Amino acid sequence: MLAESATAAAIVLFTVLVRLALYPLSRAAFRGATPVAGCLPLLLQLPVFFLMYQAFTSGSELLSHRLFAAPLGSRWTDALGEGGLFGAQGLVFLALFGAIAVVAAWSAVRGRRSAAAAAAAAAAAAAAP
């Protein structure tokens with residue numbers, strides 16, 4: 001079963017590596033280095049994701065590979081039609097939705113903490129003579 005998911009794992013790993021390679025630029029942009037620094041990470045990763053999109057839409061056999069029980073080319077509605085919400089494909093989609101929700105919540109918490117820290121630093125700087 002894990003051998004069937006090797007393509008999906010390679011795609012996720014590739015995406016993570018691209019994001020990690022651009023992480024220092026994202027941190028510099030967050031610290032306000034320059035206004036253009038915020039656009040630079042996005043512009044640098046666009047060609048990579050265009051190539052990935054082209055690889056999936058060119059009619060290659062990538063869409064026939066599977067992530068556990070779900071084909072990479074399937075949709076949520078396909079999964080619901082196959083076995084329902086708790087069928088094999090439905091559970092894969094539920095796990096993916098759960099992972100996305102966890103990452104979004106973690107990002108929101110980090111953003112709030114960073115904004116609060118920046119506001120506190122700005123208030124401390126304004127209060128200092």
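The values are calculated or read from the model by the stated rules, or taken from the named source; none is laboratory data. Just so it is clear, the model here is predicted, and its values are computed rather than measured. Cβ placement follows ideal geometry from the backbone for every residue including glycine, while neighbour counts extend to all protein chains displayed. Heads up: the accessible areas ignore ligands, DNA and RNA and are worked out on the full protein's heavy atoms, side chains in. Shrake-Rupley method; radii C 1.70, N 1.55, O 1.52, S 1.80 Å.
Show Leu94, Leu44, Leu20 ordered by accessible area, largest first, where the area counts protein heavy atoms only and the probe is 1.4 Å.
Leu20, Leu44, Leu94
Select from the range 37-129 those chymotrypsin sites (Phe, Trp or Tyr not before Pro) which occupy a DSSP coil region and have at most 11 other Cβ atoms within 10 Å, ordered by residue number.
Hits after loop and neighbour filter: Phe86.
Contour minus end-to-end for Ser114 and Leu13, with contour as 0.36 nm per residue of separation and end-to-end as the Cα-Cα distance?
Extra length available between Ser114 and Leu13 comes to 33.7 nm.
For Ala126 and Val103, calculate 0.36 nm times their separation in residues minus their Cα-Cα distance, and state this gained length in nm to one decimal.
Taking 0.36 nm per residue and subtracting the Cα distance, the gain is 4.9 nm.
Order of 5-17, 114-126 by packing, highest average Cβ count within 10 Å first?
Top to bottom by mean Cβ count within 10 Å: 5-17, 114-126.
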